[in-house]
Every structure is written in structure tokens, then in C-alpha cells.
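Data block below; observations after.
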């Protein structure tokens, strides 16, 4: 981030402002000394600060394996942040599955919302270090009732005390996203140019507002589980999670939330990075529909810059094509998943199962383009992009 800001500071001295065909109002000036103007550095700083809040602060990882170094924990968090930047729909789907899963646990076993979320994220382990993370353990005829009672006896305050975030810190991050969204809406209302970097940031802000709401009751950055119940008899020798589950299974579970029975808590020391309990059919479909809607909205926000000013026609068409790809691909993936649920359309589903993996490189490429292209566009901005919002239009005497 520091290197980007230094580069932008140097470019801001030589950046070109495209001439306006007409002034949006009497304040249309790029003079940096004017109180009603903003600099290129200020534009980029506001966007990067919002993106950081939207990805780093909003991501709530599951409880990691024990005895992890600080560097390892940082790397795991950074990987989730990069996933949130390239494919935020995956994080939305993950958050939705845990939200619906915690709701089911709270209803079925009389857990509090905090206890249910902590269960979904692998926060409870047996005395010999094995996760208590699947419903089969809670329904076990011998130990299930004891485990349920032990979880209910864990105080919400004890769980929240392990969280690195509270309502205030989450609220500050949420307000950052809401404030940025309001600024963009005000610029549209006052016919001021919005840079492509601001459009991309707006998409992150809108998506992550939903992530914050879904994970509001989930503890943040917990590094140690809570020990409850008696020892669990392991099926096999305890192994680390990456050895137990194949890379392809972990990859597709991040998208669809199904480990296909490969994950066994009694032979592991933690839950997978994108783990949540198996959902009832309706809740599973609901999480998928939510992922579809968010993915379409994320792409639609990028498509909103369809007629924006670009430095070259080639960049304009690259932006348009990439925006269409990230809008259509999530919908196509979910549609093929629904078709696969109908046995009479199995042949179509088989074709779709081939198309979806082939589309992944195009989707990732489009996302990377929509991250890099806005920075390239900063070399030539419309003059009105440097004009600040006149807030006195909405709030007099400020």
C-alpha cells in the first residue's frame, strides 16, 4: 500500500485532467489549494483505506490449528484477504453458510448465537484437542447430550473475550464503507465524475457491508479454542488438515460449502479455513441464492461505469468485457448447480460441470484486470473528478 501511495504522489504532479465539455458547477476547478477540490493522492488514499477496511477488518477466519507462529497466522489472514479481493462472492457464501448454520444450531440445540457461531468456526475442542464441529457429535447417543450441555455452559462473555473485535471496532469499519457509499451517491447526484478506482472500491464496500452484517456475532481473529467435554476417540492417527483433505476438495468447498464427508474431526486438530456445518436443503439454497445476488450486484456496480471516461477506447472495452464476465459467471455457476439437482437434466449438468472449471481462469483474469486497470486510469482523469462534493446542498451551514 505504501509503494502505491508513493507512486500516486509522484504521478499526481504530472497527471492529466481531461477537459470538461461543460462545468458541472461554479466550483469545477482542479486547483489543489481550493477548499472545494481534492487531489489525486486524496482520492487514492480514500479508496485504499476503504478497501483495507472492507477486506482485512471484515474477514473473520475460523479458529486456526494450535501452536501457529505469528507469521503463519498473518499469512493465513492475508490469503483470505486476497481471496476477498479477487472473489468477494466466496467470502459472502462462506459468511452466509455460517450465518444459516448458527441459526440452525441455535434452534436445534438451544445455543446462543455467539455459542453457535463459535461452534461453526471450530471454537470448541475435546480435552485431547480434537474439534467438536459437526452435528453428528452433538447427536451422538453416548456423548451428545454432555457436549450440548458443556457448550451451553460456556458463557458468551468468555467467547467474546477471545475476540479481537467488538461492536465498536466493527461499527467503525462498517461506517467507513457506508460513508464511502454516500460520497459516491452524492457525486452521481451532483454530476461529478467518479473514477474507476472509486467504482471498484464502491463494489467492495457494498459487498462487505453484507459480510459485516452476516458475521456481526462471529468472534474476530480467535487463535485458541475452548476445551469442553471428554476425550474423543480418533479414527486414525492425528494429522494436520492439509494432509487430510485434498486441495480440490478444499477449493470447491470454498465455493459450494461441501466437503463430501472427507473432513473427520476425530482425526484432525482444527477445522478447514472455509468450514461450516452442513445446512438443511432450504438454507443451503438460500445461501446459494444470496451468493448469486451478491455476485451479480458486485459485477453490476462495475458495469455502472459503462459510459465513464477512459484514457483509451481499448481500456474502455476491456473494462466492459471484464465487468460482464464477473457479473455473468456467478449466475451461470449457480444455475448449473440448480440443474444438477434435477436427475432428468443430468446430461446438461455434466456439461456444466466442465464449463464451470474452464471459466475460473477467465473470472480470475477479469477480477485482476478490474483491480489493476483503475490504477492505470489515474494517469488521465476528467477535471470534475477533482471537484469535491458540495455537502451544503444536503446539510446547510457546513
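Yes/no per residue for (1) in contact with a helix residue (DSSP H, G or I) (Cβ under 6 Å, 6 or more places away or on another chain); (2) free of Cβ contacts under 8 Å to residues at least 60 places away in the same chain; (3) under 30 Å from residue 130 (Cβ atoms):
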| residue | (1), (2), (3) |
| --- | --- |
| 271 | no, no, yes |
| 277 | yes, no, yes |
| 280 | no, no, yes |
| 283 | yes, no, yes |
| 289 | no, yes, no |
| 298 | yes, no, no |
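Are any of the residues in the stretch 212-228 modelled with pLDDT of 60 or more, touching a strand residue (DSSP E or B) at 6+ places or on another chain (Cβ under 9 Å) and in a loop (DSSP other than H, G, I, E, B)?
Among the residues of the stretch 212-228, at least one is modelled with pLDDT of 60 or more, touching a strand residue (DSSP E or B) at 6+ places or on another chain (Cβ under 9 Å) and in a loop (DSSP other than H, G, I, E, B), which makes the answer yes.
Taking residue 53 as the residue in question, decide whether it is assigned to a helix (DSSP H, G or I), modelled with pLDDT of 50 or more and surrounded by fewer than 18 Cβ atoms within 10 Å (Cβ to Cβ).
No.
Could you count how many residues in the stretch 372-398 are modelled with pLDDT of 90 or more and more than 15 Å from residue 193 (Cα to Cα)?
4
For the stretch 148-162, which positions are closer than 20 Å to residue 223 by Cβ and free of Cβ contacts under 8 Å to residues at least 40 places away in the same chain?
Just the residues of the stretch 148-162 that are closer than 20 Å to residue 223 by Cβ, to begin with: 151, 154-162.
155, 157, 161 - these are the residues of the stretch 148-162 that are closer than 20 Å to residue 223 by Cβ and free of Cβ contacts under 8 Å to residues at least 40 places away in the same chain.
Could you list, in sequence order, the residues of the stretch 113-147 that are over 22 Å from residue 272 (Cα atoms) and touching a residue at least 12 places away in the same chain (Cβ under 8 Å)?
Correct list: 143, 146.
Could you tell me whether any residue of the stretch 146-168 is over 19 Å from the mean Cα position of the chain (by Cα), over 30 Å from residue 270 (Cβ atoms) and buried (at least 17 other Cβ atoms within 10 Å of the Cβ)?
No, that holds for no residue.
To keep it simple, each residue is scored yes or no on (1) touching a strand residue (DSSP E or B) at 6+ places or on another chain (Cβ under 7 Å); (2) surrounded by fewer than 18 Cβ atoms within 10 Å (Cβ to Cβ); (3) touching a residue at least 40 places away in the same chain (Cβ under 8 Å).
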| site | (1), (2), (3) |
| --- | --- |
| 60 | no, no, yes |
| 82 | no, yes, no |
| 86 | no, yes, yes |
| 89 | no, no, yes |
| 110 | no, yes, yes |
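Looking at the stretch 320-334, can you tell me whether even one residue there is touching a residue at least 60 places away in the same chain (Cβ under 8 Å), touching a helix residue (DSSP H, G or I) at 6+ places or on another chain (Cβ under 8 Å) and more than 17 Å from residue 88 (Cα to Cα)?
no
The values are calculated or read from the model by the stated rules, or taken from the named source; none is laboratory data. Given the structure is predicted, the values throughout are model-derived calculations rather than measurements. Quick reminder, even Gly has a Cβ in these numbers, built from the backbone with ideal geometry, and neighbours come from all protein chains shown.
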